[in-house]
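A.B. asks: Once you've had a glance at the structure underneath, I'll fire off some questions.
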Amino acid sequence: MNNEKKIAGLYIRVSTEDQAREGFSLSEQEKRLRTMCEYKSYEIYKVYKDAGISAKTGNTRPAFEELLQDIREKKCNTIVVLKLDRLTRSVFDWEKIIRFLEENDAYLDCANDDINTTNANGKMISRILTSVSQNEIERTSERTKVGLAGAIKEGHIPARAPLGYKHIDKKLVPDPLTKDIVIRIYNLYFEGKSYYNIATIFNEEKILGKTNWKDTKILRIISNEVYKGDYVHGKRTNHPTYYKDVVEPLISKELWDNCQVQKKKNQKNYMRTQTYIFLQKLKCPKCGRILAGGASHKIKSDKWYFYYRCENCKNNIHEDKIEEKIKTLLSDILEYDNVVNEFFLPVLKSKLDNPKEQLEKELKSLNNKRERIKKAYIDELFTEDEFKQESKIIENQIEMINSKLLENSQAEQLNFTTEDILLKRDMDFINKVKLPISYYAFNDNWNLLDRDIKADIIMRYVDDIELEMVNSKYEVKQINFRSTFYSDYEELYKKGFIDKKRPLTYNFNGVCVDSEIRYSEYLPIKDVMQHFYRLNEYYEVNFYKGTYYKETEKLDIGPLRRNEVPIRTFPLQENNNVDNNWVSMGMFATQNNPNDIKVNIRDVFETIPDNVNENNF
């Protein structure tokens, strides 16, 4: 440097990472720089401090900007720093600083780096050091991104938990207290409600104790990919990263996609006036576009006709054609829904949705939060209005958890088992045979359901319905169930607690009959007899044994009595009698009349028989 008097601006900066890694506290930097200035006889004009700010390009550093302005105004002429990376770790930014120093006849002196900006060699060395520093920050960034990507794929989402979720062990998981609110928002939006409509409804109902729901908040929820199980990192950057299936979803991907399509409509004015049973479940086999719902009204008969059309290919398929094609399957779904989700709902759903330990843990957390709010109010950190508002929100959440805990305790007192599922299904079938009029009064039947209930069943259980082109027309090819429903259904079936219809040829009083019979898998004979005696508490039921021949696919059983109807068949041998060509089979059958019902008619619909003492076998 030349002999011009040096008036120093001491620049010190520390980021959180620096402090943790190298111990560069502001006070330590200042102490060392003052010692250096005293040694070199520099006059100290001022100390400029930037705390908690990194040297990345684009970061605003108020103190550094103030130092540059003071140099322009000739209040000082030398920047004194501990290391070059206190100023920048970017080669691009360093070139700008060099030009600035040259234009303002100013200098740079580093305590730990031998930097001299008054000659070509010094500038070259400074560029090399800056390049090394920039390389370090870029490598650190790459390692961070790799680690972050791995964490996100494990469900560790680096963001505040959105409504409907909470963090447990750093993972984003559904919050049992608020997840239903999010699901309701999507359902209301899918039905045609606008953001404003939904916000108004929530304010009127004081959801979560709030009356400040905004349409912008509803829009953010509708637009958030996390609710379908995905996550977008760096959404506000030029290069966001999309991660699929990293969070347990609250809604299906189909519903989320459908809501994004609907955003293009005028939400203030749009309201779906018709219910389409298979809406969003059908795709055009030619172009892959989701079919839109349509309806026509015949004034003379006052009847509505529903259809689904492809806007691209101009093909369509009538709704009754779809129903007719898969009616048997729909009836099975409905029967499963009636038994599992209606009759056993108080137990199965409560235990699934309201895990007791999790609820009790949540309740404890809320009680602690309530105490903290009280203390903050006493310490005058809250105004009285703020205290009342926060307390009300917590009290509402506590009330909700207590309600769920009550449901859980009531469910635990009930003694329903998986064995009861098969029993109830057999009872429903017997009631359908003996008391068809009463059965349809007590049980849902697909043909008698209103359109909203049908649509709800399809939405719950069906992923999509595959179509194919036959003679230039749409035909139903295959129905695909939701994986959760299908896995539950299959698990119950494999264990013998759910039946399926299957074609079977059997000998009925010397005559071969081809029919679809309800069939279930193997259960131990002890369980079969328990089941049989429980049925006989309410009905006259007969138990027949026979043989099923695998090669001819015929069942030799009976003879059955006159007017007797098979209830269900099942193997009496485990593993289908693997190596042999025959299987020992059992069949339950009952008379086609109501005269042998042993209890009050209402009881056969509203209750199930208790277990029978083994001494009765």
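All of the numbers you see were taken from the coordinates with simple rules; none came from a lab. Keep in mind it's a predicted model, so treat the numbers as computed, not measured. No Cβ is skipped: glycine too gets one built from the backbone with ideal geometry, and neighbour counts run over all protein chains shown.
A.B. asks: With a/c under 1.5 counting as rounded, go ahead and sort the range 561-613 into rounded, prolate or oblate using the C-alpha gyration tensor (a ≥ b ≥ c being the square roots of the eigenvalues; past the cut-off, prolate if a/b is larger than b/c, else oblate).
C.D. replies: Oblate shape, in that a/c is at least 1.5 and b/c is the bigger or equal ratio.
A.B. asks: Under the rule a/c < 1.5 gives rounded, and otherwise a/b versus b/c splits prolate from oblate, where does the range 499-617 land using the Cα gyration tensor?
C.D. replies: Oblate.
A.B. asks: Among Y45, Y548, what is the fewest-to-most ranking by other Cβ atoms within 10 Å?
C.D. replies: Ascending Cβ contact count within 10 Å gives the list Y45, Y548.
A.B. asks: Would you list T590, T60 from fewest to most Cβ contacts within 10 Å?
C.D. replies: T60, T590
A.B. asks: Okay, next question. Check Y48: other-chain or 5+ apart residues with amide H under 5 Å from its amide H, H built from backbone geometry?
C.D. replies: So Y48 has HN proximity to L10, Y11, I12.
A.B. asks: State, as an integer percentage, the relative contact order of the range 497-617 based on alpha-carbon contacts under 8 Å between residues 6 or more apart.
C.D. replies: With pairs under 8 Å counted, the relative contact order is 29 percent.
A.B. asks: If the only charges are +1 at each Lys and Arg Cβ and -1 at each Asp and Glu Cβ, what is the size of the charge dipole of the range 499-617 around the Cα centre, to the nearest 20 debye?
C.D. replies: 240
A.B. asks: Additional query: Any chance you could get the radius of gyration and Dmax over the Cα atoms of the range 155-272, in Å?
C.D. replies: Looking at the range 155-272, its Cα Rg and Dmax stand at 14.5, 44 Å.
A.B. asks: Do the alpha carbons of any pairs in K179/K500; K300/K432; K75/K96 sit beyond 24 Å of each other, and which pairs?
C.D. replies: Flagged as over cut-off: K179/K500; K300/K432.
A.B. asks: Would you mind counting up the charge near S365? Only other residues with Cβ under 12 Å from its Cβ, with Lys and Arg at +1 and Asp and Glu at -1.
C.D. replies: Charge balance near S365 sits at +2.
A.B. asks: Same structure again: Give the lysines whose C-alpha is closer than 20 Å to that of K374, dropping any in the same chain fewer than 8 places away, or say none.
C.D. replies: Output for K374: K210, K364, K388, K392.
A.B. asks: Let me ask something else about it. Hey, fewest Cβ within 10 Å first, where do Y377, Y107 land in order?
C.D. replies: Y377, Y107
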